[in-house]
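Take a look at the structure set out below.
The values are calculated or read from the model by the stated rules, or taken from the named source; none is laboratory data. Quantities reported herein were computed from a predicted structural model and do not represent experimental measurements. Don't worry about glycine lacking a Cβ; one is built from the backbone with ideal geometry, like all the others, and counts go over all protein chains shown. Ligands, DNA and RNA are excluded from the accessible area calculation, which covers all protein heavy atoms including side chains. Shrake-Rupley method; radii C 1.70, N 1.55, O 1.52, S 1.80 Å.
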Amino acid sequence: MTQAAAGRQRIAALVMAAGRGRRAGGEDLPPKQYRPIGGRPVLAHTIDVFLAHPAIDVVMAVVHPDDIAHYETAAGQLRAPAGGLRAPVLGGSERQASVRAGLQALAADAPDLVLIHDGVRPFVDVATIDRVIAALGRADAVCAGVPVVDTVKRCRDDGSVTDTVPREGLWRAATPQGFRYGVIAAAHEAAIAAGREDFTDDTAVHEWRGGDTVMVACPDDNVKLTRPEDFAAAETRLARQALLDRPDVRVGNGYDVHVLEPGDGVTLGGVFIAHDQKLKGHSDADVVLHALTDAILGALGDGDIGRHFPPGEEKWRGAPSSIFLADAARRVRDRGGLIAHLDASIIAEAPKVGPHREAMRAEIARIAGIDIDRVGIKATTNEASALPDAARASPPSPRPPFACRPEHGRRRMTDLAALETRAETLLARARAGGHVVATAESCTGGLIAGTLTAIAGSSDVVDRGFVTYSNAAKTDLLGVPADLIERVGAVSEEVAIAMAEGALARSAASLAVAVTGVAGPGGGTATKPVGLVHLALAAKGRPTRHVEMHYGDRGRAGVRLATVATAFDLIEDAIGEAD
């Protein structure tokens with residue numbers, strides 16, 4: 001960004017970021033303009049667009065007084081040269097007051113033109129900004145927007161239609177909205193003087209004073225991030241773009257085999273499975289993680305697992321193989337890469353892998369730092385044709401187990417349909433065993449109960465579901481002691497157990513599963529990071545079981561769906577133990 005050349009109009013951009021974002025959901029999350037997408041706050045993405053535009057000389061954000069720390073974090077993650085960035089201005093209680101504050105802050109060195117843009121529209125493109133600036137050559141006010149193409153209905157409060165509105169000439173207003181600085185500054189001052197503080201759009205302020213506005217088109221994807229699904233879509237969009245940014249796609253293959261010997265269980269895909277044998281090896285002999293590690297190292301052209309973790313070194317004796325996979329994933333990131341997919345086939349006569357598949361996927365995703373819908377696990381046997389005393393893990397063909405591209409963004413987990421299929425089987429098993437289930441959910445927001453009850457006829461198995469986002473609800477609905485929550489925190493083993501036992505006591509269920517955790521985005525701490533979830537299963541006549549899961553920051557939807565899968569594991573295990 002450069003200072004305005006002699007004879008060129010000086011342009012400033014005001015980025016509005018003083019709102020509270022209530023419709024975006026998540027009381028434990030920061031305002032939506034500071035929530036991460038693609039690993040950075042939304043506001044950082046938005047400001048970067050204007051800082052990088054060659055025609056814009058000054059960029060200034062208008063922020064809420066309570067959000068200075070959030071703003072400083074976002075400003076620290078800007079990627080465009082920040083020479084034109086000015087100190088933020090404190091906004092008011094409503095958008096109109098915040099815009100006025102920003103305009104007043106520009107007055108001492110007033111620009112010729114000013115663009116006013118929503119901080120939660122991070123996908124505005126350069127072409128839209130260019131069109132707004134160009135149109136200001138023939139108008140005092142310009143609004144970016146999208147022509148209405150759908151039929152528009154006007155309705156009463158009860159949803160009944162009063163009439164159909166002709167769509168000809170109708171536009172959906174967006175931002176940026178551009179103005180001659182003196183015109184819009186005067187219009188805002190006149191509105192305040194007249195007691196008009198109800199405008200939600202800056203061109204409306206200008207039009208109220210008698211001015212004309214010119215519309216210019218912007219793409220449909222210049223969206224305002226408002227609801228949770230908008231953030232999920234933004235994550236998907238950025239992840240997809242990251243995969244397209246560089247064409248350097250690499251594929252690696254890995255293979256590992258370990259014999260079985262007498263023992264108490266095997267570790268596969270980072271998950272311990274009780275069994276009367278174990279895998280023989282120097283480390284924990286996790287063939288799945290070993291094969292995946294070698295696949296990644298192969299794609300990098302960086303040797304194999306034995307080169308980096310020699311089996312003759314004593315320090316690796318009994319070591320968890322998660323160390324090896326995490327190191328390989330780090331090597332990808334250090335080279336500016338992204339793990340696009342990990343896929344493994346497990347060949348073993350026993351134990352059965354199916355009941356543990358989702359837990360393996362979740363653990364592999366956590367270790368590698370990718371979303372669970374980028375992890376595939378399949379299992380088969382040798383049909384006693386060869387090596388009946390061995391377990392193998394190898395990537396399938398032709399689908400590649402690993403791809404390497406530049407790291408940027410996340411994808412939303414989208415296998416709810418698979419969970420619903422699994423729910424149908426779970427319900428059938430519970431029904432056959434005479435079991436009744438209750439749920440107590442915090443971070444999943446009723447998704448466990450919702451997935452179960454999506455199956456027709458589930459009411460004979462699912463007694464009820466408690467959704468307890470707040471601490472007060474945990475106490476009021478489930479009887480979790482308030483002093484317990486105060487002492488150990490809502491996201492804890494103790495609270496998960498108390499929730500499960502409270503649900504069991506307050507329902508007609510024989511089994512009750514409870515979850516409490518940090519689904520993100522944001523809200524995590526060093527000791528309780530995003531992706532930490534505590535689950536508990538209470539059953540009549542049996543000790544309450546607890547599981548602590550670390551899913552990693554894979555997006556809110558990913559954490560929630562992985563939690564549902566683990567909750568199903570707990571319920572299935574409890575049914576199996578009872579049967």
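Asp150 versus (1) touching a His at 6+ places or on another chain (Cβ under 8 Å); (2) at pLDDT below 95: which is the lone unmet condition?
(1)
Quick one: Gly84 ticks every box in (1) farther than 24 Å from Ala191 by Cα; (2) at pLDDT 95 or above; (3) not β-branched (Val, Ile, Thr) bar one, so which box is it?
Checking Gly84 against (1) farther than 24 Å from Ala191 by Cα; (2) at pLDDT 95 or above; (3) not β-branched (Val, Ile, Thr), the one that fails is (2).
Of everything in the stretch 216-260 that's open to solvent by less than 50 Å² (accessible area, probe 1.4 Å) and more than 26 Å from the chain's Cα centre (by Cα), which residue is modelled with the lowest pLDDT?
Going through the qualifying residues, I end up with Leu260.
What helices (runs of 4 or more DSSP H) completely inside the stretch 415-518 contain at least 3 residues that are buried (at least 19 other Cβ atoms within 10 Å of the Cβ), within 29 Å of the chain's Cα centre (by Cα) and modelled with pLDDT of 90 or more?
447-453, 493-505
Okay, residues lined up against (1) assigned by the TED database to the domain that holds Gly306; (2) more than 23 Å from the chain's Cα centre (by Cα); (3) in a helix (DSSP H, G or I):
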{"residue": "Ala328", "(1), (2), (3)": "yes, yes, yes"}
{"residue": "Arg333", "(1), (2), (3)": "yes, no, yes"}
{"residue": "Ala344", "(1), (2), (3)": "yes, yes, no"}
{"residue": "Glu363", "(1), (2), (3)": "yes, no, yes"}
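I'm trying to understand the selection: among the residues of the stretch 519-532, which are touching an Asp or Glu at 6+ places or on another chain (Cβ under 8 Å) and either open to solvent by less than 10 Å² (accessible area, probe 1.4 Å) or at negative phi (or both)?
Gly520, Pro521, Gly524, Pro529, Val530, Gly531, Leu532, listed by residue number.
Considering only the stretch 276-288, I want to know if a residue exists there that is within 30 Å of the chain's Cα centre (by Cα), under 30 Å from Asp573 (Cβ atoms) and open to solvent by 10 Å² or more (accessible area, probe 1.4 Å).
no
Taking the criterion of being closer than 25 Å to Ala17 by Cα and open to solvent by 50 Å² or more (accessible area, probe 1.4 Å), would at least one residue in the stretch 134-145 satisfy it?
Scanning the stretch 134-145 turns up at least one residue that is closer than 25 Å to Ala17 by Cα and open to solvent by 50 Å² or more (accessible area, probe 1.4 Å).
Name the one entry in Asp158, Asp150 that is within 18 Å of Lys224 (Cβ to Cβ), out of contact with any Pro (no Cβ under 8 Å at 6 or more places or on another chain) and open to solvent by 60 Å² or more (accessible area, probe 1.4 Å).
From the options Asp158, Asp150, the qualifying one is Asp150.
Going through Gly312, Gly303, Gly298 one at a time, which residue ends up being over 18 Å from Gly269 (Cα atoms), touching a Leu at 6+ places or on another chain (Cβ under 7 Å) and not assigned by the TED database to the domain that holds Thr236?
The match here is Gly303.
Please specify each residue of the stretch 190-206 satisfying the condition of being open to solvent by less than 80 Å² (accessible area, probe 1.4 Å) and not aliphatic (A, V, I, L, M).
Once the filter is applied, which keeps residues that are open to solvent by less than 80 Å² (accessible area, probe 1.4 Å) and not aliphatic (A, V, I, L, M), the stretch 190-206 yields Gly195, Arg196, Phe199, Asp201, Asp202, Thr203, His206.
Please identify the pairs in which a residue from the stretch 465-477 that is in contact (Cβ under 8 Å) with a residue 24 or more places away in the chain has its Cβ atom under 8 Å from the Cβ atom of a residue that is among the hydroxyl-bearing types (Ser, Thr, Tyr) and assigned to a helix (DSSP H, G or I), counting only partners at least 6 apart or on another chain.
Gly465/Thr453
Which members of the stretch 271-292 meet the condition of being modelled with pLDDT under 85 and charged (D, E, K, R)?
Residues satisfying the conditions are Asp276, Lys278, Lys280.
Matching residues to (1) on the phi < 0 side of the Ramachandran plot; (2) modelled with pLDDT of 90 or more; (3) surrounded by fewer than 22 Cβ atoms within 10 Å (Cβ to Cβ); (4) not hydrophobic (A, V, I, L, M, F, W, C):
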site: Phe324; (1), (2), (3), (4): yes, yes, no, no
site: Arg335; (1), (2), (3), (4): yes, no, yes, yes
site: Ala344; (1), (2), (3), (4): yes, yes, no, no
site: Ala350; (1), (2), (3), (4): yes, no, yes, no
site: Pro355; (1), (2), (3), (4): yes, no, yes, yes
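Please find, within the stretch 163-183, the residue that is most open to solvent (accessible area, probe 1.4 Å) out of those that are without any contact (Cβ under 8 Å) to a residue 40 or more places away in the chain and outside any strand (DSSP E or B).
So, considering only residues that are without any contact (Cβ under 8 Å) to a residue 40 or more places away in the chain and outside any strand (DSSP E or B), the one most open to solvent (accessible area, probe 1.4 Å) is Glu168.
Which residues, counting only those in the stretch 291-320, are within 22 Å of Arg335 (Cβ to Cβ) and open to solvent by less than 20 Å² (accessible area, probe 1.4 Å)?
Within the stretch 291-320, Ala291, Leu292, Thr293, Ala295, Ile296, Leu297, Ala299, Leu300, Asp302 qualify.
Which condition number in (1) surrounded by fewer than 24 Cβ atoms within 10 Å (Cβ to Cβ); (2) more than 18 Å from the chain's Cα centre (by Cα) is the one that Val63 fails?
It is condition (1) that Val63 fails.
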